[in-house]
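The values are calculated or read from the model by the stated rules, or taken from the named source; none is laboratory data. This structure is a prediction, so every number in the text was calculated from the model and none was measured. Neighbour counts are summed over all protein chains in view; Cβ atoms, including those assigned to glycine, are modelled from backbone coordinates with ideal geometry. The area values use the complete protein model at the heavy-atom level, side chains included, leaving out ligands, DNA and RNA. Shrake-Rupley method; radii C 1.70, N 1.55, O 1.52, S 1.80 Å.
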Amino acid sequence: MGKVYDGIDGRLREFVETQPVFFVATAPLSGDGRVNLSPKGGADTFAVFDEHTVAYLDLGGSHAETIAHLRENGRITLMWCAFAGPPKIVRVHGHGEPVFRDDPRFPELLARFPNPGQPSVRAVVVVAAEQVSDSCGYKVPNLEYTGDRSTHTGYFGRKTDDEFAAYCAKKDFNAESIDGLPALPLPLPPLPVV
């Protein structure tokens with residue numbers, strides 16, 4: 001059944017890099033704060049940097065809960081499920097850091113992704129893996145992947161970077177989380193050229 005691994009390499013790396021969707025879970029320190037669970041999609045938004053470091057692109061949306069929780073305490077879990085092929089679930093428990101557009105590391109980190117020029121990138125979330133494990137996934141259903149949705153890219157792809165910054169500024173839960181924690185630093189700095 002389940003096993004704990006020293007890092008993300010070999011079969012585990014191949015598995016997580018080929019899944020079309022993964023999930024991210026974070027929580028505030030407050031016992032009455034809201035736990036957040038977000039789906040993330042697209043192989044071009046995720047990268048394994050080494051056996052103990054993964055990263056994903058934080059793309060624009062209506063909330064910034066994950067960023068707020070990471071800024072407060074850094075705790076994060078990423079999970080992948082096999083929806084096709086042999087059953088498998090992989091989890092990476094670790095410490096995450098959002099690297100924002102005005103951070104000197106941002107351009108170099110962004111360049112490590114297959115499609116660094118996609119619209120609405122707010123941050124690169126870098127996760128230091130503290131525990132990597134798998135489990136069976138016997139009850140995860142078989143689902144047919146038919147492709148990525150074009151809605152996000154179509155919507156944000158029509159916006160200039162200034163328009164995207166204005167979009168982020170007007171959303172209620174971008175500057176702070178639903179629990180009132182600082183989230184996305186606004187105004188959003190310009191996207192550096194990669």
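For the reader, a short list of remarks on this structure follows.
- Positions within segment 150-171 being over 25 Å from ALA111 (Cβ atoms) and in contact (Cβ under 8 Å) with a residue 12 or more places away in the chain, in sequence order: ALA169, LYS171
- Those residues of segment 180-194 which are under 16 Å from VAL35 (Cα atoms) and open to solvent by 30 Å² or more (accessible area, probe 1.4 Å), in sequence order: GLY180, LEU181, PRO182
- Within segment 98-119, the residues that satisfy the criterion of being modelled with pLDDT of 95 or more, of a type outside the set (Phe, Trp, Tyr) and crowded, with 18+ Cβ neighbours inside 10 Å are PRO98, VAL99, ARG101, LEU109, LEU110.
- Pick from segment 143-194, criterion assigned to a helix (DSSP H, G or I) and among the β-branched types (Val, Ile, Thr), ranking: nearest to PRO114 (Cα to Cα): THR153
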